[in-house]
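Visitor: Okay, here's the structure, questions in a sec.
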Amino acid sequence: MNKLLAQEIYYFMVLGRNFEYAAKENYMQGNVSGFLHLDLGQEAFSVAAMKAFEKGDIFATYREHIMAMARGIAPKAVMAELFGKAEGVSGGKGGSMHLFEPSRFFYGGDAIVGGQIPNAVGCAYARKLQGSEEGVMVIFGDGASNGGAFFESLNIASTHKLPLLFLCENNEYAIGTNIKRSAPFREQAKKAEPYMMTLSVDGMKAEAVYETIKKAQKLIEDGHGPVFVEAFTCRFEGHSVSDPNSYRSTQEMHRCKAKDPLEHFKKELLEKWMCSDKELQEIEQKAQKAVDEAVEFAKNAIEPNTAALLEHVFVEEV
Amino acid sequence: MLYREALNKALDEVMAIDDTVVTLGEDVGLYGGSFRVTEGLVEKYGEERVIDTPIAELSIVGNAVGMAIGGLRPVAEIMTGNFSLLAFDQIINHMAKFHYMSDGKIILPMVVRFPQGVSKQLAAQHSESYEQMLCSVPGLRVLSVCDVNYAYHALKFAILSNDPFVFIEHELLYNKKGEVNFEEQLDPFKARIVKKGEDITIISYLKMVDDVMQSIPEIESALNCSCEVIDLCSLNPIDYATLATSIQKTSRVVMVEEDHKTGGFGSQVIAWAAQEMFYSLDAPPLRLAGKDVPIPYNRTLELASIPTPNSIAQEIIAWGRKNDV
Ligand SMILES: Cc1ncc(C[n+]2csc(CCOP(=O)(O)OP(=O)(O)O)c2C)c(N)n1
Ligand SMILES: [Mg+2]
């Protein structure tokens, strides 16, 4: 980590937070619909992971707006997708849960819990076969690590020593079910231990996430095969905007919000990286401007034409 | 009473009289079910009978099969039809086949509750319908629920039956209002005549029944005719007798379904009509269904991908004019 990188990470964290609030506001106004899973509270995790794993392939879940932007997909294209517009990154056909951009090696946006993990294994297999330098990173929640696809993937990835980083976002909840009620222990890394090296990190701290992912990446590059990283996070709101979050007590939410990753990282920027208030203000303003422009763009973007309905079912017409 | 309340009441009543009945699924317990169908049950019957599971659909259905073998009557909830695909091995290779493969020795009194369909902009991985696959597998009873009264009676029946049932609900119907006649002795395998008419038999199921009903005034005034609307209710078995009586009277048949057209469930109904009702028909059968595309997110495209009250009316009117209705 260096000052410039820290500032960049801070920029994407602020961008992410403001973007999610703007998405929520536009959902309330009816401009955005469907399921909208906000990444509020998990900005450090999402941004630092992407910035550490800069080049390889990414397979993510439905909670992926911030990751997509940190991966270089324009906020305008993401917001326009949430609005269902033709200029959205998935042409308005995917929506919030299905952001795809192969030019950024970003493959969803998958809304079948755990479904992306075997896909990432396959992609890692391809990369190994191609002798590529870059590995693959798959992001999934603590809910997904209870599923069969996850366990099958641990086995296959380690058998073939694939260049795959398993990144578990452990926010302790799968919708309303706490991990303690769906698994015998909280730490999901325990499940991976027999198969591969595992690392754990406080997912609310950007620098720690960044360094841990870098370390995992190095292990993969050195030929250790797959590595499992578990980041403990906490989401600030319900599972999606339609979830009232009533299963978490006020005290629990209080403890959660006390770990605000933005406040923590801002303090680091001021104290450790010697940023000035003015520098940070400029970053914050720039991020807010990007969000405002994204919303403006999405509002004015065009609807897909009706012919789009039948397009892209197949590559080749018959 | 709301559709979801009728389902809740059915479950509640059966759990109260039969303590072998258990329900399991993602967030069915403390959370009350993602469509609130199991609300209040964990408080009444405890976590051992209202079981919150991990996100593991194959195990939800697979465990239900084992519970049934072990002497319970499980009601498994799949959160959304698309997720059932992870459980299809259990549904098709296990749930549907054990009774037959064991020469009748294994009995699986179980229900898989199955919310599905196009809701509102939930996109391709949360909107599909799977009755075509479920009904092509011998050994499963498949019921579909449009009506609130039917919801209550049919769910009770399915839980107390000794056969394996897939119980299909539509995600947009949970807050639908209706009356329940608690005294009624309802036969869940009988189709429901929603509206009587003389000139066209319109067959449908799930939410499309309501969409058809909305389209009726326009059709009847444009064609100056009267339509009979039938809700199939049971998809396996199909109540052909009720359909035959209606078609003999009207001599015209239309099938409306939300699912993708190719290979869709309605093709069975129309194939039957072409083969068995040929001499009663005065017009070629009409089949309206969803487009053969994954369901898109954008609202306009989403609505263009399935029949709507407006498109149903337009297509039936055009067909009627062409065929001298
Ligand atoms: C196969 C499958 N089952 C159920 C669901 C419904 N569902 C969507 S997200 C979710 C919870 C996932 O929790 P977790 O993996 O911890 O990720 P988080 O939402 O906490 O980021 C569930 C049950 C789904 N999308 N796919
Ligand atoms: Mg989680």
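The values are calculated or read from the model by the stated rules, or taken from the named source; none is laboratory data. Keep in mind the model is a prediction, meaning the values are calculated, not measured. So basically every Cβ, Gly included, is an ideal-geometry build from the backbone, and we count neighbours across all protein chains shown. Calculation scope for accessible area: heavy atoms of the full protein, side chains included, ligands and nucleic acids excluded. Shrake-Rupley method; radii C 1.70, N 1.55, O 1.52, S 1.80 Å.
Visitor: Once the Cβ-Cβ distance between B:Ala241 and B:Asp103 is put in as r, and R0 is 30 Å, what FRET efficiency do you end up with, to the nearest 0.05?
Guide: Numbers: r = 30 Å, r/R0 = 1.00.
Rounded to the nearest 0.05, the efficiency is 0.50.
Visitor: Work out which GluC sites (Glu not before Pro) in chain B are exposed loop sites (DSSP not H, G, I, E or B, at most 15 other Cβ within 10 Å) and give the longest gap free of them. If you can, show how the numbers build up before the last one.
Guide: Working: sites that count: B:Glu47, B:Glu48, B:Glu179, B:Glu183, B:Glu184, B:Glu198.
That would be B:49-178.
Visitor: Which whole-number percentage describes the relative contact order of region B:3-170, with Cα contacts under 8 Å and a sequence gap of 6 or more? Show your work: numbers first, answer last.
Guide: Working: 321 pairs, mean separation 40.1, N = 168.
That works out to 24 percent.
Visitor: Please work out how much length the chain gains when fully extended from B:Asn175 to B:Asp292, using 0.36 nm per residue of separation minus the C-alpha to C-alpha distance, in nm with one decimal.
Guide: On the way: separation 117, 0.36 × 117 = 42.12 nm, distance 2.86 nm.
That works out to 39.3 nm of additional length.
Visitor: Moving on. How far apart, in nm, are the 7 Å Cα→Cβ label points at A:Asn2 and A:Gln251?
Guide: Placing both labels 7 Å along Cα→Cβ, they lie 4.7 nm apart.
Visitor: Run the numbers on region A:104-243 and let me know its relative contact order in percent, using alpha-carbon pairs under 8 Å that are six or more apart.
Guide: 26 percent
Visitor: Set the bar at 28 Å for Cα to Cα. Now go through B:Lys156/B:Lys177; A:Lys93/B:Lys177; A:Lys24/A:Lys190 and name every pair that lies beyond it.
Guide: Working: B:Lys156/B:Lys177 19 Å; A:Lys93/B:Lys177 32 Å; A:Lys24/A:Lys190 35 Å.
Cα-Cα > 28 Å for A:Lys93/B:Lys177; A:Lys24/A:Lys190; rest within.
Visitor: On to the next question. Only Lys, Arg, Asp and Glu count, each charged at its Cβ (+1, +1, -1, -1), so figure out the dipole size of region A:191-249 about its Cα centre, rounded to 20 debye. Walk me through the numbers before you get to the answer.
Guide: On the way: 7 positive and 9 negative charges, 12 e Å.
Result for region A:191-249 is approximately 60 debye, rounded to the nearest 20.
Visitor: Multiply the residue gap between A:Ser132 and A:Lys278 by 0.36 nm, knock off their C-alpha separation, and tell me the result in nm, one decimal place.
Guide: Working: separation 146, 0.36 × 146 = 52.56 nm, distance 4.22 nm.
That pair, A:Ser132 and A:Lys278, stretches by 48.3 nm at full extension.
Visitor: Separation between the A:Asn300 and B:Phe189 pseudo-spin-labels, each 7 Å from Cα along Cα→Cβ, expressed in nm?
Guide: 6.4 nm
Visitor: Please quote Rg/Rh for region B:3-170 to two decimal places, taking the Kirkwood radius as Rh and restricting both calculations to Cα atoms. It would help to have the intermediate numbers written out before the result.
Guide: Values: Rg = 14.6 Å, Rh = 15.6 Å.
Radius of gyration relative to Kirkwood radius: 0.93.
Visitor: For chain A, what is the relative contact order in percent, using Cα pairs closer than 8 Å and at least 6 residues apart in sequence? Each step should come with its number before you reach the end.
Guide: On the way: 607 pairs, mean separation 77.2, N = 318.
For chain A, the relative contact order is 24 percent.
Visitor: Next up: How big is the charge dipole of chain B about its Cα centre, in debye rounded to the nearest 20, if each Lys and Arg gets +1 on its Cβ and each Asp and Glu gets -1 on its Cβ? Provide the component values of the computation, followed by the final result.
Guide: Working: 27 positive and 44 negative charges, 96 e Å.
Charge dipole of chain B: 460 debye, to the nearest 20.
Visitor: Ok, one more. Normalised radius of gyration for region B:57-137, please: alpha carbon Rg relative to 2.2 N^0.38 Å, two decimal places.
Guide: Numbers: Rg = 13.5 Å, N = 81, 2.2 N^0.38 = 11.7 Å.
Relative to the 2.2 N^0.38 Å estimate, region B:57-137 comes out at 1.15.
Visitor: Okay, next question. Can you tell me the orientation of helix B:309-322 relative to chain B, as the angle in degrees between its alpha-carbon axis and the longest Cα principal axis, to the nearest 10?
Guide: 40 degrees
Visitor: Using the alpha carbon gyration tensor of region A:119-212, what are the three equivalent-ellipsoid semi-axes (square root of 5 times each eigenvalue), largest first, in whole Å? Please list the in-between numbers first.
Guide: On the way: eigenvalues 116, 53, 25 Å².
After scaling each eigenvalue by five and taking roots: 24, 16, 11 Å.
Visitor: With a ≥ b ≥ c taken as the square roots of the eigenvalues of the C-alpha gyration tensor of region A:103-163, please select rounded if a/c is under 1.5 and otherwise prolate if a/b is larger than b/c or oblate if it is not?
Guide: On the way: a/c = 2.65, a/b = 1.31, b/c = 2.02.
Oblate.
Visitor: With a point put 7 Å past each Cα toward its Cβ, work out how far A:Glu311 is from A:Glu211 in nm, to one decimal.
Guide: Distance between the two pseudo-spin positions: 4.9 nm.
Visitor: Hey, another quick one. Would you work out the Kirkwood radius for the protein assembly as shown? I mean one over the mean of 1/r across all pairs of different Cα atoms, in Å.
Guide: Values: mean 1/r = 0.0379 Å⁻¹.
Over the protein assembly as shown, the inverse of the mean reciprocal pair distance is 26.4 Å.
Visitor: Sequence neighbours fewer than 8 away in the same chain don't count; with that in mind, list the aspartates and glutamates whose C-alpha is under 12 Å from A:Lys272.
Guide: Within reach: A:Glu207.
Visitor: Lysines near B:Lys322 by alpha-carbon distance under 21 Å, same-chain residues fewer than 8 away left out - which ones?
Guide: B:Lys249
Visitor: Also, I was wondering about something else. With only Lys, Arg, Asp and Glu charged, each at its Cβ (+1 for the first two, -1 for the last two), find how big the charge dipole of the protein assembly as shown is about the Cα centre; round to the nearest 20 debye. Could you put the intermediate results ahead of the total?
Guide: Numbers: 62 positive and 88 negative charges, 158 e Å.
My answer is approximately 760 debye.
Visitor: What does the buried accessible surface come to for A and B, summed over both chains, with the probe at 1.4 Å? Round to 100 Å². Before the final figure, lay out each step's value.
Guide: On the way: alone 14650 and 13670 Å², together 25750 Å².
Adding both sides of the contact gives about 2600 Å².
Visitor: In whole angstrom, and with the biggest value first, how far do the Cα coordinates of region B:211-325 range along each principal axis?
Guide: Principal-axis extents of the Cα atoms in region B:211-325, largest first: 43, 34, 22 Å.
Visitor: Give me the angle, in degrees from 0 to 90, between the Cα long axis of helix B:207-223 and the longest principal axis of the Cα atoms of chain B, rounded to the nearest 10.
Guide: 10 degrees
Visitor: Among A:Met253, A:Met204, A:Met69, whose mean-square fluctuation peaks in a Gaussian network model of chain A (Cα, cutoff 10 Å)?
Guide: Of A:Met253, A:Met204, A:Met69, the most mobile in the Gaussian network model is A:Met253.
Visitor: Enumerate the lysines that B:Lys105 could reach by cross-link, defined here as Cα to Cα under 20 Å, with residues fewer than 8 away along the same chain left out.
Guide: The reachable lysines, counting only those whose Cα sits under 20 Å from B:Lys105, are B:Lys97.
Visitor: While we're on this one: Return, in residue-number order, each cysteine of the protein assembly as shown whose C-beta is not under 4.7 Å from any other cysteine's C-beta.
Guide: A:Cys123, A:Cys168, A:Cys275, B:Cys135, B:Cys146, B:Cys225, B:Cys227, B:Cys233
Visitor: Which far-off residues, 5 or more places away or on another chain, put their amide H under 5 Å from the one on B:Thr23, with H placed in the peptide plane?
Guide: The list, which skips near neighbours in sequence, is B:Val50, B:Ile51, B:Val75.
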